[in-house]
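Notes follow the structure.
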Amino acid sequence: MPLKNLKWIYLILLSLVWGSSFILIKKGLIGLSPLQLGSFRILFASIFLILVGFKSLFKISKKQWKWIVLSAFLGSFFPVYLFAFAETEIDSAVASILNASTPLMALIFGVFFFRVGFTQNKGIGVLIGLIGALGLIYSGAQVNPDQNYFYSGLVIIAAGCYAINVNIVKRYMYDISALGITAGNFLVLLLPAIIILYLTGFSIGEITQDPEVSLSVLYVMILGVIGTGIAMIIFNKLIQISDPVFSTSVTYTIPIVGLGWGVLDGEIFSKYQLISAFVILLGVFLVNRPKR
C-alpha cells in the first residue's frame, strides 16, 4: 500500500484509539477507584510493552536510564492517575478536549526551560488556547453544576507533565529508539504500580466475584494494551512515514472522537463548550503552524 494512503490509515486508527481512551477511563471508574484504575492501566501496558520491546532495553546505556526514569514518571505515571481522578468529577469529553492543550503547554515549558524558539504567532496561539481552556471549564461548570470543575485542573497538570516529557525526550533522548523509551518507561513503572494496587486493598477475588469490577478491569486492559501499548507503536510508525506537521494533526482529531463518545454516553455538551473547544484547537493550530 502506498505510504500516502497508509499514513492516513494510521492517523485514523490513532485518533480512534486515543480518542476512545477517555470513555474507557470513565467506564473503568464504575468498578475501580482512580488509584486502582491507574495501576491496572500501567500494569497491562507494562506487560505488553516489555514483551514487545524486551530486546530494545539492552540498547539503553546506564547514563540514559536517568532520563528514562524521569520520562516514565512525567510522561506516563502522573498523567495516568491524574486523568483517573479528574474523570471522577468531569465528563470524559471535556477531559479529551482539555488534553488538546498539551502542545500549548509544551511550548510554554520549552521557552522557559529548554530554549525553544518563540514567535509572535506562537505567543498568540498560546494565549488563545488558554482562553479557550478557561472558557471550556467555566461553561462546563455552568452546564453541570453538580460536578466539581476544579478537577479539570488535574487534566491541565497532566498536559503539563506530557509537555515537559516531550521536551526532555526531544533534547536528551533523541539517540534512543522510540520502542526502547516506551518499554523502558513502563519497566520502571511496573513495580510502583503493583505497590499502589496492593496498598488499595484490591484482591484478585474481586474480579471473579463482582461482575462490575471484572467489566471495569476489562475496560482498563483494553485501555492499557491498545490505548497505550499499541497506540505508541502506531504513532512511532506514523512519525517514520510522514512529516511532523501531519503526525501532530492527531491533536485535532482526538477531541472529536472523545466528544462523540461523550455525547453517545449521554454527557451534556453545550454550544458554549463547543465554541471553547474550537478556540483551544485554533490556539493549537497557531502554535503548530509551520513557517512559510
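What tally of residues in region 20-31 results from selecting those that are buried (at least 23 other Cβ atoms within 10 Å of the Cβ) and farther than 11 Å from T88 by Cα?
4
Consider only pairs whose beta carbons are under 6 Å apart and that are at least six residues apart or on different chains; among these, list those whose first residue lies in region 202-215 and is without any contact (Cβ under 8 Å) to a residue 12 or more places away in the chain and surrounded by 13 or more Cβ atoms within 10 Å (Cβ to Cβ) and whose second residue is among the acidic types (D, E) and part of a helix (DSSP H, G or I).
none
Of everything in region 191-209, what is outside any helix (DSSP H, G or I) and either at pLDDT below 90 or under 14 Å from R41 (Cβ atoms) (or both)? Give them in sequence order.
Those that are outside any helix (DSSP H, G or I) and either at pLDDT below 90 or under 14 Å from R41 (Cβ atoms) (or both): T200, F202, S203, I204.
R41 fails exactly one of the following numbered conditions: (1) crowded, with 24+ Cβ neighbours inside 10 Å; (2) farther than 17 Å from L179 by Cβ; (3) more than 14 Å from the chain's Cα centre (by Cα). What is the number of that condition?
Single failed check for R41: (3).
So is I234 under 21 Å from S177 (Cβ atoms) and modelled with pLDDT of 85 or more or not?
In short, no.
Looking at (1) under 18 Å from the mean Cα position of the chain (by Cα); (2) crowded, with 24+ Cβ neighbours inside 10 Å, which is the one condition that is false for G140?
The one condition G140 does not meet is (1).
Taking G31, is it within 30 Å of I97 (Cβ to Cβ), touching a residue at least 40 places away in the same chain (Cβ under 8 Å) and over 20 Å from the mean Cα position of the chain (by Cα)?
Answer is yes for this residue.
The values are calculated or read from the model by the stated rules, or taken from the named source; none is laboratory data. The structure displayed is predicted, hence computed values, not measured ones. Cβ: placed from backbone, ideal geometry, glycine included. Neighbour counts: every protein chain shown.
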